[in-house]
Amino acid sequence: MYAAMIEARGRKFIQHHAAANMEHPDAEDLRNIGVITHMWTHGDRFWKLAARYYGNVEHWWVIAWYNQKPTDHDVALGDRIDIPTPLEDIIKIFGV
């Protein structure tokens, strides 16, 4: 099915990566996490929030996963978005 696309890109195969199997923090973990509240406004994106609050766009997924909103399109204007802090602690809780 993808043979023409693979050939056009000069590739021999496509390698897929498995997603991490992460659980949402339990009640005990949540007690140890600080949260900054952000109201979703026009133009917001998870990567922009990660840049603002973490100084790194690559950690957008932390905010998305914590809020159980997999993509920007799952958030509506005026939704409350919790930014978990500190970043190092939340990443440990996620086990990645």
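Descriptive notes on the structure:
- Single residue of the stretch 61-78 satisfying the filter (over 12 Å from the mean Cα position of the chain (by Cα) and touching a residue at least 24 places away in the same chain (Cβ under 8 Å)) that is surrounded by the most Cβ atoms within 10 Å (Cβ to Cβ): 75
- Checking each residue in the stretch 32-60 for being part of a loop (DSSP other than H, G, I, E, B), surrounded by 13 or more Cβ atoms within 10 Å (Cβ to Cβ), at pLDDT 95 or above and over 12 Å from the mean Cα position of the chain (by Cα) picks out 40, 44.
- Picking from residues in the stretch 27-70 that are among the hydroxyl-bearing types (Ser, Thr, Tyr) and out of contact with any Ser or Thr (no Cβ under 9 Å at 6 or more places or on another chain), the one that is nearest to residue 84 (Cα to Cα) is 66.
- The stretch 72-96, residues that are of a type in the set (Val, Ile, Thr), modelled with pLDDT under 95 and assigned to a loop (DSSP other than H, G, I, E, B): 96
- Residue 14 vs. criteria modelled with pLDDT under 95 and either among the aliphatic types (A, V, I, L, M) or touching a strand residue (DSSP E or B) at 6+ places or on another chain (Cβ under 8 Å) (or both): yes
- Restricting 20, 8 to those that are loosely packed, with under 10 Cβ neighbours inside 10 Å and at pLDDT below 95 reduces the list to 8.
The values are calculated or read from the model by the stated rules, or taken from the named source; none is laboratory data. Keep in mind it's a predicted model, so treat the numbers as computed, not measured. Cβ sites come from the backbone with ideal geometry, for glycine too, and all protein chains shown count toward neighbours.
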